[in-house]
């Protein structure tokens, strides 16, 4: 019985955010047929939520003078705490200026240089020169030596996504929205496509392709408090992990953004601090300069987040029913600036917290924000372990970000990767032939149908999907947060293993008929818990502190033993991930001190 | 803190079970401080009825997924606070768009068709040259493009629009605003006549009655009256010039 | 395949500019009618100053044949206006009705009254014009007698006419203009209030006059 529809294409892209769509454009411009699957209409992707901007060393604005790809490279490597692949970082930094200009050519209304003298909030006088007027300008972001974050007012992700999507539409690329890939089809060597469940009807669809691309974004929603959209559940990473062949890289590297708004955890962009906003404690004292005299409120995100927690522990947090928080102060930037350049922030404050940032302080706390880890691919986008499988964007780990991502490097990464990897995908697909046996495909589809039937019939048990899920979220939040310790991580692993077992016995409370949301959640949950285990177990094993991975019991970076990347595999039937390690590629910049943070370099005290 | 108990009257219909007719179902929920419709509906789904269909993505009024009729008015559910309402709240799916189930409607397909119909991308004969600097643009122009570009395609303007409710082919404020965005973009080389082909009819700008429910219901507060009038004047001139 | 945005049926079958022309015809005829209506009301209101002023104005319009050109012209404009606005009434008016009831939106409701007032005006204004022409020439006494007898008729017509004109012209400003809705709405409401006040005053004077004649 084949109760599903089959689609055949050259390139199957799972995820219609910036990275996925950019890769599709590349494939399409090489004359290939491609289909994009997406949980939601492309323009609803989480990429649109990135307000801040995209780093590119254009050196156009006054404070970006003298910038170069070399400086961008150094910032990125330092930001990653030497965890990144330096060849990838180099390639990335060289390509971003082209990518940003291509986005301009396609229609992004980048903010431009306006010539004239200006006074910064700290009193510094700067002058944008006439010769640069009308070129793409940049703003200040954390962890960068120059102002290079290109932006469109307060909606950079939005304008980029809409622009890329407009090109996808103009090229006539097929998008199947509300279609969720729930497993990859493979024969142990080659990826052949994916089985997907339609979120309109609940029916299964089979997609067969020469090349399959995972572009599903991050896993923020594994955590209880995340700035991510609720669709960011790491589903694509779980698909790759579940093949048993493909490893996930550095899953323990989880970024917390310093300024998630309490208690709704909506992101207040780094642009707020970049434009001159700063953090205050309960005495309304600006505490960041005490810890970070040079970068102050604009040290890298991992550092600011940790300093905030340190300051909480000293009793300087503002108490609230949702736990302690700090204040973000942007009042001094003035109504005009807030209502144009930071309008989105102003709206969020007004709509979701009932406060006016022109007059009021914004309650903020470090909140889960970004997944540095993901499907481990090489510098050309090929996934480890399976031919014909690729990954792009936050879902992937070609490893640009190492253990901490710089603000503005993720939007940049999406389009740069779409461009570079997209080309490699096209070359691969042009040279590949579509060979598959119907058995493999039939089996894959049947297996998924059985999963769904099992859930509906309740024959595996009656565990409640939302209950198990909530316990997973709380476990990660409580034991795998910003500061980590061996015992806490061990607790997390133990708890998650129990939850993983319980997740094998989920049963529905509803009928499960049609596009039933309980089925959707139940299908995702076991994979999510496996990701949570990769994060926790990887963090437990890594006995050092690096970037966002801060072990209180091992506070120093340990380059002698840990200058390497974790690779997490999940063999079929396993109860824990199998961890392997590989060296980090260092081509130019040997490990050293970041120049901010807790002087994590092992060479120093 | 509130100690109200809210009663949600929610439209229910699952196309997979056509034998069960559409109906309104009631759910009771204790109100929490700062509760939004997102929080409320998620709680209802997780604790009372896991089959309830609705759409949220960003839950921060950025993505435009969660528009629905709240007490008859098109609103983004994620940024609607329960405290602004009485204890009885009626939730209906947006009209005009195809129903997927319960409160979930297919805005994606509708807006995709719109983009195709209005050819909503920059039309240029120039080729991209990776070796040269970007073309210069006045920052004021960039901001002028960004203003209509801010539309999040949530569908509130369409659901509120009398014309869109009456005639299927009407582009609506979202469509006309999108066209306005390309009209002010110097990179788009389309002539007025080409735009006239797209919006110079009752299907486009001349189908607007001027009731401005679009502007009144726009959660992004886009200046839609201004954008629609701009397109109308431009199209009138184009049409009279020939 | 991509829709090119150009439908061959549409571009071949009918003039692609027809919708623009109709819309412009609605705009221009509407403006002319509003202009006429307001002028008309100001002229009528001269009765407040005195029957002599009123009569000499009527005489003046008559002498210079302005009435003989004006009345048929306005009749024609009104006819055009009716023809072009009828296209706005939905084929299935139930659709609009259902929509208006679901979406509690002020302007959407005012438009329903726009249709209702239009129908009212079409009937009442025809009767009025017929009555005036039958009693030609216009003079204060005959008018006063008519209004004394049918004051309720004129009261209804006055309110319908001003409502329709006020909202009609407001809607055109909204659709074409760059003036904010609030601003233009306030200006037009003020004008409408003045005109209605003038109309009521004139009507009152006429009714008094008509009463005295008896």
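The values are calculated or read from the model by the stated rules, or taken from the named source; none is laboratory data. Bear in mind the structure is a predicted one, so any value in this text is a computation, not a measurement. Don't worry about glycine lacking a Cβ; one is built from the backbone with ideal geometry, like all the others, and counts go over all protein chains shown.
State the number of residues belonging to segment B:114-141 that are under 25 Å from residue A:153 (Cα atoms) and part of a helix (DSSP H, G or I). Summing the residues that are under 25 Å from residue A:153 (Cα atoms) and part of a helix (DSSP H, G or I) in segment B:114-141 gives 4. None of B:93, B:74, B:22 is at pLDDT 95 or above and at the interface with another protein chain (Cβ under 8 Å from one of its Cβ atoms) except B:74.
Of B:228, B:211, all but one fail to be facing chain C (nearest Cβ under 8 Å), under 19 Å from the mean Cα position of the chain (by Cα), in a helix (DSSP H, G or I) and buried (at least 19 other Cβ atoms within 10 Å of the Cβ); the exception is B:228.
Residues in segment A:32-74 that are part of a helix (DSSP H, G or I), in contact with a helix residue (DSSP H, G or I) (Cβ under 7 Å, 6 or more places away or on another chain) and within 13 Å of chain B (Cβ to nearest Cβ): A:42, A:43, A:47, A:48, A:49. Just one residue in the set A:354, A:334, A:323, A:317 is more than 14 Å from chain B (Cβ to nearest Cβ) and modelled with pLDDT under 90; that residue is A:323. Among the residues examined, residue A:594 does not qualify as closer than 27 Å to residue A:74 by Cα, part of a strand (DSSP E or B) and in contact (Cβ under 8 Å) with a residue 60 or more places away in the chain. Selection of strands (runs of 3 or more DSSP E) fully inside segment A:252-350 by the criterion of at least 3 residues being within 30 Å of residue A:580 (Cα to Cα) returns A:254-261. May I ask you to verify whether residue C:118 is crowded, with 18+ Cβ neighbours inside 10 Å, assigned to a helix (DSSP H, G or I) and modelled with pLDDT under 90? When the stated conditions are applied, residue C:118 does not pass them. Do we find that residue B:82 is within 11 Å of chain A (Cβ to nearest Cβ), in contact with a strand residue (DSSP E or B) (Cβ under 7 Å, 6 or more places away or on another chain), modelled with pLDDT under 95 and within 30 Å of residue B:212 (Cα to Cα) in this structure? When the stated conditions are applied, residue B:82 does not pass them.
Only residues that are in contact with a helix residue (DSSP H, G or I) (Cβ under 9 Å, 6 or more places away or on another chain) and within 14 Å of another protein chain (Cβ to nearest Cβ) were counted in segment A:486-522, giving 14. Across segment A:555-577, the number of residues qualifying as in contact with a strand residue (DSSP E or B) (Cβ under 9 Å, 6 or more places away or on another chain) and outside any helix (DSSP H, G or I) comes to 12. For segment B:117-132, a residue qualifies if it is surrounded by fewer than 16 Cβ atoms within 10 Å (Cβ to Cβ) and either touching a strand residue (DSSP E or B) at 6+ places or on another chain (Cβ under 9 Å) or facing another protein chain (nearest Cβ under 7 Å) (or both), and the qualifying residues are B:128, B:130. Of the numbered criteria (1) assigned to a helix (DSSP H, G or I); (2) under 22 Å from the mean Cα position of the chain (by Cα); (3) over 28 Å from residue B:229 (Cβ atoms), the one residue C:138 fails is (1).
Of all the criteria given as (1) closer than 26 Å to residue C:103 by Cβ; (2) in a helix (DSSP H, G or I); (3) modelled with pLDDT of 95 or more, the one not satisfied by residue B:165 is (3).
The set of residues from segment C:132-143 being under 17 Å from residue C:40 (Cβ atoms) and touching a helix residue (DSSP H, G or I) at 6+ places or on another chain (Cβ under 7 Å) comprises C:135, C:137, C:138, C:139, C:140, C:143. A single member of B:190, B:167 is surrounded by fewer than 24 Cβ atoms within 10 Å (Cβ to Cβ), more than 23 Å from residue B:220 (Cβ to Cβ) and under 22 Å from the mean Cα position of the chain (by Cα), and it is B:167.
Can you confirm whether segment A:163-176 contains a residue that is closer than 30 Å to residue B:142 by Cα and under 19 Å from the mean Cα position of the chain (by Cα)? Checked segment A:163-176: at least one residue is closer than 30 Å to residue B:142 by Cα and under 19 Å from the mean Cα position of the chain (by Cα). For segment C:112-133, the tally of residues that are without any contact (Cβ under 8 Å) to a residue 40 or more places away in the chain and within 14 Å of chain B (Cβ to nearest Cβ) stands at 2. A single member of A:253, A:211 is buried (at least 24 other Cβ atoms within 10 Å of the Cβ), modelled with pLDDT of 95 or more, at negative phi and under 13 Å from the mean Cα position of the chain (by Cα), and it is A:253.
So residue B:88 ticks every box in (1) free of Cβ contacts under 8 Å to residues at least 60 places away in the same chain; (2) more than 14 Å from the chain's Cα centre (by Cα) but one. Which box is left unticked? Going through the list (1) free of Cβ contacts under 8 Å to residues at least 60 places away in the same chain; (2) more than 14 Å from the chain's Cα centre (by Cα), residue B:88 breaks only (1). Residue under question is residue B:33, and the condition is that it be surrounded by fewer than 20 Cβ atoms within 10 Å (Cβ to Cβ), within 14 Å of chain A (Cβ to nearest Cβ) and at pLDDT below 95; does it hold? The answer is yes for residue B:33. Need the failing condition index for residue A:273 against (1) surrounded by 24 or more Cβ atoms within 10 Å (Cβ to Cβ); (2) on the phi > 0 side of the Ramachandran plot; (3) at pLDDT below 95, just the number. Unmet condition: (2). For segment A:240-250, filtering for residues that are assigned to a helix (DSSP H, G or I) and touching a helix residue (DSSP H, G or I) at 6+ places or on another chain (Cβ under 7 Å) leaves 1. Screening residue A:87 against (1) more than 13 Å from chain B (Cβ to nearest Cβ); (2) assigned to a helix (DSSP H, G or I); (3) buried (at least 24 other Cβ atoms within 10 Å of the Cβ) leaves a single unmet condition, (3). Among the residues of segment C:181-191, some residue qualifies, meaning at least one is touching a residue at least 12 places away in the same chain (Cβ under 8 Å), within 22 Å of residue C:46 (Cβ to Cβ), within 18 Å of the chain's Cα centre (by Cα) and part of a helix (DSSP H, G or I).
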